[in-house]
1. Among the residues of the range 27-61, count how many are open to solvent by less than 40 Å² (accessible area, probe 1.4 Å), among the basic types (Lys, Arg) and not in a helix (DSSP H, G or I).
2. Just checking, does the range 2-18 include any residue being touching a strand residue (DSSP E or B) at 6+ places or on another chain (Cβ under 6 Å), farther than 26 Å from Ile101 by Cα and surrounded by fewer than 17 Cβ atoms within 10 Å (Cβ to Cβ)?
3. Give Glu64, Glu92 a once-over and let me know the one that is open to solvent by 30 Å² or more (accessible area, probe 1.4 Å), without any contact (Cβ under 8 Å) to a residue 60 or more places away in the chain, under 17 Å from Phe116 (Cα atoms) and out of contact with any strand residue (DSSP E or B) (no Cβ under 9 Å at 6 or more places or on another chain).
4. I need a count of the residues in the range 95-110 that are small (Gly, Ala, Ser) and surrounded by fewer than 18 Cβ atoms within 10 Å (Cβ to Cβ).
5. Condition test on Ser24, is it part of a loop (DSSP other than H, G, I, E, B), among the polar types (S, T, N, Q) and either in contact (Cβ under 8 Å) with a residue 40 or more places away in the chain or open to solvent by 70 Å² or more (accessible area, probe 1.4 Å) (or both)?
6. In the range 73-82, is there at least one residue being over 20 Å from Arg122 (Cα atoms), under 11 Å from the mean Cα position of the chain (by Cα) and part of a strand (DSSP E or B)?
7. Going by the structure shown, is Ile81 open to solvent by less than 60 Å² (accessible area, probe 1.4 Å), touching a residue at least 40 places away in the same chain (Cβ under 8 Å), touching an Asp or Glu at 6+ places or on another chain (Cβ under 8 Å) and closer than 22 Å to Ser12 by Cα?
8. Find the residue count for the range 7-28, including only residues that are under 16 Å from Glu64 (Cβ atoms) and among the hydroxyl-bearing types (Ser, Thr, Tyr).
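The values are calculated or read from the model by the stated rules, or taken from the named source; none is laboratory data. Please read these numbers as outputs of a predicted model, since none were measured by experiment. Cβ placement follows ideal geometry from the backbone for every residue including glycine, while neighbour counts extend to all protein chains displayed. Accessible surface areas use protein heavy atoms only, side chains included; no ligands, DNA or RNA. Shrake-Rupley method; radii C 1.70, N 1.55, O 1.52, S 1.80 Å.
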Amino acid sequence: MTTNTQITENFSYKELSCKGADASCGGCNSLPITDLLYYHMDKLQSLRTALGAPLRITSGHRCERHNRSVGGAPNSMHLHIATDVQPFGENEEVLQDVEKIASEMKFGGIGVYNSFVHLDSRAFIGRELARWNNQT
């Protein structure tokens with residue numbers, strides 16, 4: 001999918017689609033259009049609105065080849081839809097704000113890293129909640 005059509009007010013289909021490097025899928029642009037996608041993106045838009053600041057999606061959907069090439073978990077939510085988001089003006093305080101709001105909004109998976117936060121809606125497909133912190 002290469003269209004830049006908006007899926008929500010602030011996010012487009014294009015920024016969610018698979019962007020694997022040439023060594024993996026060559027940026028196949030795949031993106032499963034499912035109820036999970038729309039559910040997750042509605043939550044992400046609400047988080048962005050509550051934060052009151054832009055979020056850059058650094059990783060959305062990954063095809064299996066792309067996921068393997070980046071060392072993703074075999075059952076990664078990125079194979080469905082997950083978003084790694086990076087606030088502009090990234091610093092630990094803003095990352096903590098994203099984590100706090102995401103937790104209040106009951107995102108199913110929340111992982112905090114040095115420069116981004118992983119968010120997914122795993123509970124929507126019956127997976128258990130997951131929280132992790134990989135900051136160094």
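1. Residues meeting the conditions: 0.
2. Start the filter on the range 2-18 by keeping residues that are touching a strand residue (DSSP E or B) at 6+ places or on another chain (Cβ under 6 Å), which leaves 4, 6, 12, 15.
Narrowing further to those that are farther than 26 Å from Ile101 by Cα: 4.
From what's left, surrounded by fewer than 17 Cβ atoms within 10 Å (Cβ to Cβ): 4.
Yes, because at least one residue in the range 2-18 is touching a strand residue (DSSP E or B) at 6+ places or on another chain (Cβ under 6 Å), farther than 26 Å from Ile101 by Cα and surrounded by fewer than 17 Cβ atoms within 10 Å (Cβ to Cβ).
3. Glu92
4. So the first thing to find is which residues in the range 95-110 are small (Gly, Ala, Ser), and the list is 102-103, 108-109.
Filter once more, so that each one left must be surrounded by fewer than 18 Cβ atoms within 10 Å (Cβ to Cβ): 103.
The total comes to 1.
5. Yes: the conditions hold for Ser24.
6. Quick first cut of the range 73-82, residues over 20 Å from Arg122 (Cα atoms) only: none.
Scanning the range 73-82, I find no residue that is over 20 Å from Arg122 (Cα atoms), under 11 Å from the mean Cα position of the chain (by Cα) and part of a strand (DSSP E or B), so the answer is no.
7. Numbers: open to solvent by less than 60 Å² (accessible area, probe 1.4 Å): yes; touching a residue at least 40 places away in the same chain (Cβ under 8 Å): yes; touching an Asp or Glu at 6+ places or on another chain (Cβ under 8 Å): yes; closer than 22 Å to Ser12 by Cα: yes.
Yes.
8. Initial filter on the range 7-28 (under 16 Å from Glu64 (Cβ atoms)): 17-21, 23-28.
After this cut, where a residue has to be among the hydroxyl-bearing types (Ser, Thr, Tyr) as well, the list is 17, 24.
Qualifying residue count, the range 7-28: 2.
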